[in-house]
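Presented below is the structure to which this report refers.
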Amino acid sequence: MELLDIRLRFIAEEITAKELVQFQRQLDSEPELRGRVQRITADELSADPEGRMGSSMTQLLAVSLGSGGAVSALVTVLPSLLRARRSDTTVEVTLPDGRSAKITAVSAEDARALLESALRDSNGQG
């Protein structure tokens, strides 16, 4: 089974490094995501082929998905984590081919459809 490597971009007025680590730990505590969540460093950002740079308002995590269960875990847990924040935060999910969808505290269905479709495509089931 091929893994689908995606990026999660946290968009908020303010998100600290400590909060990003907290998001990473909470995602990693899900059995389907354990060991598949990594922070993206400033060096990796500067190597972004599209030239996008991070800022204090944007933080990135990388997640490797290998099954529908991992997709379900991700799109189920992220909205609940976002609801726990005091300020509005959106997570943009980006596939390796550039397609993206957003997850908010109240909506994750677009991201679920995008990830499930991409996972099927990457495993030759599309």
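Give the number of residues within the range 24-69 that are among the hydroxyl-bearing types (Ser, Thr, Tyr) and at pLDDT 90 or above.
Filtering the range 24-69 for residues among the hydroxyl-bearing types (Ser, Thr, Tyr) gives 29, 41, 46, 55-56, 58, 64, 67.
Okay, now just the ones that are also at pLDDT 90 or above, so 29, 64.
So the count comes out to 2.
Determine whether PRO96 is under 14 Å from the mean Cα position of the chain (by Cα) and either farther than 14 Å from ILE6 by Cα or modelled with pLDDT under 85 (or both).
Numbers: under 14 Å from the mean Cα position of the chain (by Cα): yes; either farther than 14 Å from ILE6 by Cα or modelled with pLDDT under 85 (or both): no.
No; evaluated as a whole, the condition is false for this residue.
Give the residues of the range 67-126 that are basic (Lys, Arg) and part of a loop (DSSP other than H, G, I, E, B), sorted by residue number. Let's see the steps before the verdict.
Residues of the range 67-126 basic (Lys, Arg): 83, 85-86, 99, 102, 112, 120.
Within the range 67-126, ARG85, ARG86, ARG99 meet the criteria.
The values are calculated or read from the model by the stated rules, or taken from the named source; none is laboratory data. What you see is a predicted model, and the numbers here were worked out from it, not measured in a lab.
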